[in-house]
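Read-outs throughout are calculated quantities, based only on the coordinates presented, and are distinct from any laboratory measurement. Remember, predicted model here, so these are calculated numbers, not experimental data. Cβ placement follows ideal geometry from the backbone for every residue including glycine, while neighbour counts extend to all protein chains displayed.
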Amino acid sequence: MNLKTALLEDKLSLPDDFFHNIQKYKEHLFKWNKVHNLTGAKDEKTVDEFIYDAIFPISFLPKCKKLLDIGTGAGFPGLILAMGLPDTEVTLVEPLAKRASFLQFIKADLDLKNVRVVKKRVEEMQSEIFDLVTSRAVTDTAMLLKLSENFRDKNSKLLFYKGERVYDEVSQDVKHKVIKAKNRHYLLIGEDI
């Protein structure tokens, strides 16, 4: 998969510097990953799939001012979303020092003014309301709903990056929709879904 071609085919509205920033991000990721093992994605094809997976939701997400990404890891999806949504304030929560340091380095190197890196567990953060809470590969939906309680109100949306078992994880009394794309099921939760 050629990342740029795939994203342009999907007609995603991306900022002019998106692909430049992604290229620099990937170069740094491969260097850091050799020493710090930030992600299991070791080759360009896999990293491109992770990036596509992270950014695809901008094709269906409503505009938001403040986004919280729980357990950002090496940047998926929060850092990638921040590159694609320059007008959104993005808070990346990552408790592991090596990953948080990498995120901070990328923020500085790419001059991402819309990014804030918080090196702690989400449970240790001060309560603050976000328009959108995202998470990928952290825990099950019930636990994510609990972890996000202090960071959302009735107007907030939640976007969880899930696999096929998403249907087993979400209760029918939770207003939601599942958007399927390639190998991903995006679980979008909110009052007006």
Q. Among the residues of region 117-168, which ones are surrounded by fewer than 19 Cβ atoms within 10 Å (Cβ to Cβ) and of a type in the set (Asp, Glu)?
A. GLU123, GLU124, GLU128, ASP140, GLU149, ASP153, GLU164, ASP168
Q.
What pairs come out if I take residues in region 167-193 that are within 14 Å of PRO77 (Cβ to Cβ) and pair them with residues that are among the hydroxyl-bearing types (Ser, Thr, Tyr) whose C-beta lies under 6 Å away, six or more apart or interchain?
A. ILE179/TYR186
Q. What number of residues in region 101-113 are part of a helix (DSSP H, G or I) and out of contact with any Gly (no Cβ under 8 Å at 6 or more places or on another chain)?
A. 6
Q: Name the residue, out of THR46, THR39, that is among the hydroxyl-bearing types (Ser, Thr, Tyr) and in contact with a helix residue (DSSP H, G or I) (Cβ under 7 Å, 6 or more places away or on another chain).
A: THR39
Q.
Against the condition among the basic types (Lys, Arg), part of a helix (DSSP H, G or I) and surrounded by fewer than 19 Cβ atoms within 10 Å (Cβ to Cβ), how does LYS98 come out, does it pass?
A. yes
Q. Would you pick out the residues in region 52-93 that are closer than 17 Å to LYS11 by Cα and among the hydroxyl-bearing types (Ser, Thr, Tyr)?
A. TYR52, SER59
**Q.** Residues being among the charged types (D, E, K, R) and either touching a Ser or Thr at 6+ places or on another chain (Cβ under 6 Å) or assigned to a loop (DSSP other than H, G, I, E, B) (or both) - total across region 6-15
**A.** 2
Q | Within region 42-64, considering residues that are more than 30 Å from ILE193 (Cβ to Cβ) and free of Cβ contacts under 8 Å to residues at least 40 places away in the same chain, the one surrounded by the fewest Cβ atoms within 10 Å (Cβ to Cβ) | A | ASP43
**Q.** Which numbered condition ILE189 fails, given (1) aliphatic (A, V, I, L, M); (2) farther than 23 Å from THR91 by Cβ; (3) touching a strand residue (DSSP E or B) at 6+ places or on another chain (Cβ under 6 Å)
**A.** (2)
